[in-house]
Amino acid sequence: MEILDQLLFYPLERLPFYLLTLIIAFTLHEFSHAYFANKFGDPTAKLLGRVTLNPAVHFDFLGIILLLFAGFGWARPVPVNRDNFSNPRKMGIIVSIAGPLSNFLLGVVGCVIYAGMIQFGVIDGISNAKAVQGIHFFFDTFIVLNFFLFLFNLVPLPPLDGYRIVEDLVPPRVRAKLQQFEQWSIMIFLLIIILPGFQNYTIRPLYDGAYRLSVYFLKSFNTIFGG
């Protein structure tokens, strides 16, 4: 167990809370992509059964393993055919940003519930110390990790959503040049994140940003609820 604790990116005692958070966060993230793509006229994801809240169809085994051991990961990408959109660039941006925004909203909703439970005495009314600790662990994990996924997915490098947004924002000639180097960009991105020492300049700053977002929203809702 001690060896496993050293290998994991997250503390072992919090692992169940991370897994539960990932099930919720990844599922809603990919569902959001699929839902808006289908709504805008592209049935590709729907035909593959991706417009669903069933976690099993969205999970990527390698992505989950890397997230647990390296601090970053992914779910199964939702296939999108922008040619089916009446306005490919505008609708493509909405489809791409829908995933990260779903994680942002989950983080905010987590802050609302957590702050409400604290301010209205729900947690204080629980006598079981382990249950209280579990609640704190879950909300700390749920809020920060969803804000992290929001920020992480907006990084403008493939295969992340931020890159797809940039693709739809730039002129077609620039997009064509970006696509020429896409496979190399993915490899460089993975190497930068995986290589020892680089995480302090890649993953850690994103977690710091996620933590600051959690503190801001928790303080805001604590104030709203009378704290």
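The values are calculated or read from the model by the stated rules, or taken from the named source; none is laboratory data. Nothing here was measured: the structure is a model prediction, and the numbers come from that model. As a convention, Cβ positions derive from the backbone with ideal geometry for all residues, glycine included, and neighbour counts pool all protein chains shown. All accessible areas refer to the heavy atoms of the entire protein, side chains included, with ligands and DNA or RNA removed. Shrake-Rupley method; radii C 1.70, N 1.55, O 1.52, S 1.80 Å.
Remarks
- Under 12 Å, Cβ to Cβ, from PHE147 - net charge with Lys/Arg +1 and Asp/Glu -1: -1
- Considering only the Cα atoms of the chain, their convex hull presents on average a projected area of 14.3 nm².
- With K and R counted +1 and D and E -1, the other residues having a Cβ less than 14 Å from that of PHE104 yield a net charge of 0.
- Nearest 10 degrees, 0 to 90: helix 203-224 Cα axis against the chain principal axis: 60 degrees
- Integer Hz, Karplus 6.51/-1.76/1.60 couplings in order for segment 83-94, x for Gly and Pro: 5, 7, 7, 5, 10, x, 6, 4, 5, x, 5, 4
- The charge dipole of the chain, taken about the Cα centre with unit charges on the Cβ atoms of Lys, Arg (+1) and Asp, Glu (-1), comes to about 660 debye, rounded to the nearest 20.
- Between the amide H of ARG76 and those of PHE59, ASP60, distances stay under 5 Å, these residues lying 5 or more places away or on another chain, with hydrogens modeled in the peptide plane.
- Charge context of PHE40, other residues only, Cβ under 13 angstrom, K/R +1, D/E -1: +2
- Report note on the peptides 97-104, 156-163, 182-189: ranked by the mean count of other C-beta atoms within 10 Å, highest first, their order is 97-104, 156-163, 182-189.
- Ranked by the mean number of other Cβ atoms within 10 Å of their residues, highest first, the peptides 11-22, 31-42 come out as 31-42, 11-22.
- Peptide ranges 117-124, 173-180 listed from the most packed, as the mean C-beta count within 10 angstrom indicates: 117-124, 173-180
- Per residue accessible area in Å² of the chain, where ligands, DNA and RNA are left out and the probe is 1.4 Å: 54 Å²
- Cα-based reach from LYS39 at 17 Å (exclusive), listing lysines while leaving out same-chain residues under 8 positions away: LYS90
- Three-way shape label, segment 86-140, alpha-carbon gyration tensor, a/c 1.5: prolate
- Oblate is the label for segment 152-227, because the ratio a/c of its alpha-carbon gyration tensor axes (a ≥ b ≥ c) is 1.5 or higher and a/b is not greater than b/c.
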